[in-house]
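One structure is given below, encoded as structure tokens.
Each reported figure results from applying straightforward, stated rules to the coordinates on display, with no laboratory input. Bear in mind the structure is a predicted one, so any value in this text is a computation, not a measurement. Cβ placement follows ideal geometry from the backbone for every residue including glycine, while neighbour counts extend to all protein chains displayed.
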Amino acid sequence: MTVEPPLCYLNGEYMALESARISPLDRGFLFGDAVYEVIPVYGGVPFRLDTHLGRLTASLTATRIPAPLDAAGWRAVIDRLVEAEGGGDQTVYLQVSRGAPPNRDHAFPQEAEPTVFAMASPLPDTSALREHGVAVTTADDIRWQRCDIKSVALLANVLLRQDALDRGAQESVLVRDDRVTEGSASNIFLVRGGVLITPELEGGILSGVTRDLILELARAGNRPVECRRVDAEELTGADEIWLTSSTKEVIPVTRLDGRPVGGGTPGPYYRDMRAWFDEYKADYAEGRSA
Ligand code: PDD
């Protein structure tokens, strides 16, 4: 039996991932001049695709990279890649760079078509993290001020994530001017006295698609929610801390800088949220929720 290599989409064509080639002059490679999206897929259905595509449009607009495809075009690419990987649970990666002009010059090129790349991969298994929770370390948020743009220029995020791993933790929780922003690749939630608290978007963070859903689910469960400035010192007194992202969904933080969070195990509110999230996901894949 021959195993088909993973398929990818590059500039209008489908090809084996291993045979895809881009120019070394591509501005994504030279300058990190590119934006991206990561979209989970459950039961073959891309999760909250309109919201992801809306955020991609916002990133393209903010960086003045021309939109290469409309929503129907992206949907066709994603469907084809997901089908080639056999449906089920996956994650789709989309990237658009400002293209590969003939010369390296910081200024926008006069003539260059955006480079458009997409691939689908298996969704990472996070079941152990959900069950047992993760350790995090706090770190200075050394990133730029436009973290609302989902840019591939992720060097600071890469260094911050590795810093956490080097210290025996899974993720860095970032603090800027004494306020909590987000994780190096996730949004953050605190539970204090039954209230779900998350940093406001005005603090210069990514508008997470998973973050939105967590807020919706909490409100639907009649739980109080606060989106506001979160002071770093609030982390230490939190009953629960969670991280959210398209690949992690929602996972509990059980240790912060080496000390237990709450009772040091996933908390009761987390268990409720996990159940609501799983129910929503199943309904979504069946076409029963928006
Ligand atoms: N990252 N904040 C940052 C800095 C992120 O990188 C991510 C996700 C999030 C969560 O956003 P969402 O819920 O829309 O995935 C918040 C993706 C998964 C990544 O870079 O792989």
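Any chance you could check the Cα centroid distance between region 88-114 and region 239-290 for me, in angstrom?
First find each Cα centre; the distance between them is then 34 Å.
Could you check how many percent of all C-alpha pairs in region 127-285 are farther apart than 23 Å?
31 percent
Along the charge dipole of the chain, which of Val180, Pro66, Pro124 sits closest to the positive end, that is, farthest toward it, with unit charges on the beta carbon of Lys, Arg, Asp and Glu (+1, +1, -1, -1)?
Highest projection toward the positive end goes to Val180.
Would you kindly calculate the translational diffusion coefficient of the chain, applying Stokes-Einstein with the Kirkwood radius from alpha carbon pairs, for 37 °C and a viscosity of 0.692 mPa s, and quote it in µm² s⁻¹ without decimals? Let's see the in-between values first.
Values: Rh = 20.1 Å.
For these conditions, the coefficient is 163 µm²/s.
Calculate the spin-label point distance for Thr126 paired with Leu17, positioning each point 7 Å from the Cα along the beta-carbon direction, and give it in nanometres.
So the label points at Leu17 and Thr126 sit 1.9 nm apart.
Between region 4-47 and region 164-203, what is the C-alpha centre distance in whole Å?
Using only Cα atoms to place each centre, the spacing works out to 29 Å.
Can you tell me how much longer the chain between Ala76 and Phe31 gets when fully stretched, taken as 0.36 nm per residue apart minus their C-alpha distance, in nm with one decimal? Intermediate results must be reported in sequence, preceding the final value.
Numbers: separation 45, 0.36 × 45 = 16.20 nm, distance 2.91 nm.
Contour length minus Cα-Cα distance gives 13.3 nm.
Find the eigenvalues of the gyration tensor of the Cα atoms of region 7-122, then list the square roots of 5 times those eigenvalues as equivalent ellipsoid semi-axes, largest first, in whole angstrom.
Details: eigenvalues 130, 51, 21 Å².
Largest first, region 7-122 gives 25, 16, 10 Å.
At 0.36 nm per residue, and after removing the present C-alpha to C-alpha distance, how many nm does the segment from Arg288 to Arg146 gain when stretched out fully?
47.6 nm
Where does helix 155-166 land angle-wise versus the long Cα axis of the chain, in degrees 0 to 90, nearest 10?
The two axes meet at around 50 degrees.
Quick check for me: using +1 on Lys/Arg Cβ and -1 on Asp/Glu Cβ, what's the dipole size of the chain about its Cα centre, in debye to the nearest 20?
Working: 30 positive and 43 negative charges, 52 e Å.
The calculated dipole for the chain is roughly 240 debye.
Among Ala285, Leu25, Thr198, which residue has its Cα positioned farthest towards the positive end of the charge dipole of the chain, with +1 placed on the Cβ of Lys and Arg, -1 on the Cβ of Asp and Glu, and the dipole taken about the Cα centre?
Thr198
Between exposed trypsin sites (Lys or Arg not before Pro) in the chain, where DSSP calls loop and at most 12 other Cβ atoms lie within 10 Å, what's the longest gap?
Details: sites that count: Arg21, Arg64, Arg104, Arg146, Arg288.
Excluding the exposed sites themselves, the longest stretch runs over 147-287.
Please compute the modelled spin-label separation between Glu216 and Asp278, points set 7 Å along Cα→Cβ, answer in nm with one decimal.
2.0 nm
For the pair Arg229 and Arg167, what calculated FRET efficiency results from E = 1/(1 + (r/R0)^6), where r is the Cβ-Cβ distance and R0 = 22 Å, to the nearest 0.05? Working shown, then result.
Values: r = 26 Å, r/R0 = 1.20.
E between Arg167 and Arg229, to the nearest 0.05, is 0.25.
Which is the longest stretch in the chain that no exposed loop site breaks, taking sites as GluC sites (Glu not before Pro) with a DSSP loop state and at most 16 other Cβ atoms within 10 Å? Each step should come with its number before you reach the end.
Values: sites that count: Glu111, Glu200, Glu286.
Here the longest run is 1-110.
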